[in-house]
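Just below is one structure, and these are the notes that go with it.
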Amino acid sequence: MIIGYHASHEQFTPSELLRYAKAAEDGGFGAVMTSDHIAPWSVRQANSGNNWAWLGAALAQTSEIPFGSLAIPGGWRYHPTVLAHLIATLSEMFPGRVPWIALGSGEALNEMVVGEGWPEKEERNERLKTAAGIIRDLLRGETVTAHHPWFDVDEAKLWSLPPQPPALFGAALTAKTAAWLGTWADGLITIRRPKDELMEMVAAFRNNGGAGKPMALQLQLSWAATRDEARQIAWQQWRNAAATPDKLADLRRPEDFDKATEDVPPEQMEDVMPLITKGDELLAVIEEYRPCGFGELYIHNVSRDQEGFIQFMAREVLPALREA
């Protein structure tokens, strides 16, 4: 299992994240994952740099570590042709270091800023699958002409292609979406939830065409010196994780997420994410989810102390995993 570092654009400036990505590589992480947001989940997080500009700089300043990224191709902020162009250019400059891009149906928080409205989930999924097909064809060097209710493509062709195009994963929060992604996506990415729910999602993906395809898991946790401190950090920085999937997709402003979770008590955060103070605790969490079959696990520590966390991982967790 590859253990990766999640670079949280919502919590840190792009320049800070460049330092953390380099520190993660030096500390022994095997990969980096980023998200693509234009707004944070909470006013308290207070950041959201441009993921694609950042990826170019992060790949240039690191030496070997691969980067995976979420992308929303449904035609709001990014026309699929423009997104394919971005992906191809990064992959050509850094061969093999962008092994996958995870495509999702998006959130109103990020996509409504261009003034195109926000459709129901069924249409968002149709946009996603259609855009994925266009991106895949363009990355193969094909000339694409296509006409759809949401976006048109007129003799589009990418002239600077990578030696090997990235795999196009699909992002899922439910077993229903995972089953649908199994029919067309190259792989699956999801976030940590109770083990039985994850096993159900994995089974849905594999039983509908995803058998043998790679899978990645994002593990959110709160790391600190004490459990009380870790609990308070989780509540202050990442209370949005207590919101249901429908709210994650449909709420429109960081202020809306803050309001939707204002009644969540700090004590509930222990049900939302692991609170970590020692290496053995995190190793136990990783082992709990190993039977699910994920080949990559990206750890998102919601604490502000990223440098301390990376040092903790390099000291107490990553060596133990290598030995095992």
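The values are calculated or read from the model by the stated rules, or taken from the named source; none is laboratory data. Given the structure is predicted, the values throughout are model-derived calculations rather than measurements. A quick note on method: Cβ atoms are made from the backbone with ideal geometry, for glycine too, and the neighbour counts reach across all protein chains shown. Each accessible area value is taken on the protein alone, full model and side chains, heavy atoms only, with ligands, DNA and RNA left out. Shrake-Rupley method; radii C 1.70, N 1.55, O 1.52, S 1.80 Å.
Structural remarks
- P(r) tail, the chain: Cα-Cα pairs separated by more than 24 Å, 53% of all pairs.
- Cα centroid separation - the stretch 252-307 against the stretch 91-164, whole Å: 30
- Nearest-ten-degree value, helix 195-205 long axis tilted from longest Cα axis of the chain: 20
- Total formal charge among the other residues, if their Cβ is under 11 angstrom from that of GLN311, Lys/Arg +1 and Asp/Glu -1: -3
- The stretch 213-324, relative contact order in percent, only Cα pairs under 8 angstrom and at least six apart counted: 46
- Cα gyration tensor shape of the stretch 46-93, rounded if a/c is under 1.5, else prolate or oblate by comparing a/b with b/c: oblate
- Highest to lowest packing among 242-250, 140-148, 7-15, 304-312, scored as the average C-beta count within 10 Å: 7-15, 304-312, 242-250, 140-148
- For ILE2, the residues whose amide H sits under 5 Å from its own are GLU296, LEU297, ignoring neighbours fewer than 5 places away on the same chain, with H placed 1.01 Å from N.
- 3J(HN,Hα) from dihedral phi, the stretch 180-185, Karplus parametrisation 6.51/-1.76/1.60, rounded to Hz, x for glycine, proline: 5, 5, x, 6, 9, 7
- Contact order relative to length of the stretch 93-236, as percent, for alpha carbon pairs under 8 angstrom and 6 or more apart: 19
- Inter-label distance for VAL43 and HIS148, nm, one decimal - labels placed 7 Å from Cα along Cα-to-Cβ: 3.6
- Electrostatic dipole magnitude of the chain [Cβ: Lys, Arg +1; Asp, Glu -1; Cα centre; debye, to 20]: 460
- A Förster radius of 25 Å combined with the Cβ-Cβ distance from ASP250 to GLU229 puts the calculated FRET efficiency at roughly 0.15.
- Helix 121-139 axis versus longest C-alpha principal axis of the chain: approximately 70°, rounded to the nearest ten.
- Rough spin-label spacing in nm, given labels placed 7 Å along Cα→Cβ, for GLN164 and TRP184: 2.5
- Nearest 10 degrees, 0 to 90: helix 14-27 Cα axis against the chain principal axis: 70
- Accessible area of the chain divided out per residue, in Å², using a probe of 1.4 angstrom: 42
- Under the criterion of Cα pairs below 8 Å and six or more residues apart, the relative contact order for the chain equals 19 percent.
- Placing a pseudo-label 7 Å from each Cα along the Cα-to-Cβ vector at ASN208 and GLN311 gives an inter-label distance of 4.6 nm.
- Of all DSSP beta bridges in the stretch 59-205, antiparallel share, percent nearest 5: 25
- DSSP finds beta bridges in the chain, and of those with both partners inside it, around 10 percent are antiparallel.
- Here the translational diffusion coefficient of the stretch 1-84 follows from Stokes-Einstein with Rh set to the Kirkwood radius across Cα pairs; for 4 °C and 1.567 mPa s it amounts to 97 µm²/s.
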